[in-house]
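Accompanying notes for the structure given below.
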Amino acid sequence: MPKTSAALEQLGAHLAVARLRRKESLKTWAQRMGVSVPTLQRLEAGDPSVGIGIVATALWLIQRDGELRNLASPERDVGAIEMNVHKAVQLGQARAQASAEARRGRQEDKA
């Protein structure tokens, strides 16, 4: 999970920058989020134990919460899409093989 840890750290750092650009103190921002200052500090440090609801609230404060609905959307699930393509390819190959066997059978019947 090194990439995940790095992504959480980067998200936390970005949220800290967003807070600082808005000239908000840790205390004020934490109050607006309904969390303690230590929890906000953990969020900004990229602590993976911070709940998703807290992350969502922080994103809401910077008007980026709308992107949450797309994070795991089926349309963007590359793994599942690849599985579907693989299954479609297998189905196509099976149908092509069945068709070829049927043609051979008809040719043998004529011979």
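Each reported figure results from applying straightforward, stated rules to the coordinates on display, with no laboratory input. None of these values were measured; they are calculated from a predicted model. Cβ sites come from the backbone with ideal geometry, for glycine too, and all protein chains shown count toward neighbours.
The convex hull built on the alpha-carbon positions of the chain has an orientation-averaged projected area of 10.0 nm².
Going from the fewest other Cβ atoms within 10 Å to the most, the residues Val89, Val50, Val55 appear in the order Val89, Val55, Val50. For Lys3 and Ser99, the difference between the fully extended length at 0.36 nm per residue and the C-alpha to C-alpha distance is 29.9 nm. In this structure, Ser36 and Arg69 have a Cβ-Cβ separation that, at R0 = 35 Å, corresponds to a calculated FRET efficiency of about 0.80.
Sum up the charges of everything whose Cβ sits under 9 Å from the Cβ of Leu59, counting Lys and Arg as +1 and Asp and Glu as -1, but leave Leu59 out.
Working: positive: Arg64; negative: Asp65, Glu67.
Combined, the nearby Lys, Arg, Asp and Glu give -1.
Between beta-carbons, use under 14 Å as the cut-off and find the net charge around Leu20, counting Lys and Arg +1, Asp and Glu -1. If you can, show how the numbers build up before the last one.
Details: positive: Arg19, Arg21, Arg22, Lys23, Lys27; negative: Glu24, Glu44.
Spelling it out: positives minus negatives among the neighbours equals +3.
In a reduced charge model with +1 at each Lys and Arg Cβ and -1 at each Asp and Glu Cβ, the chain shows a dipole moment near 240 debye about its Cα centre.
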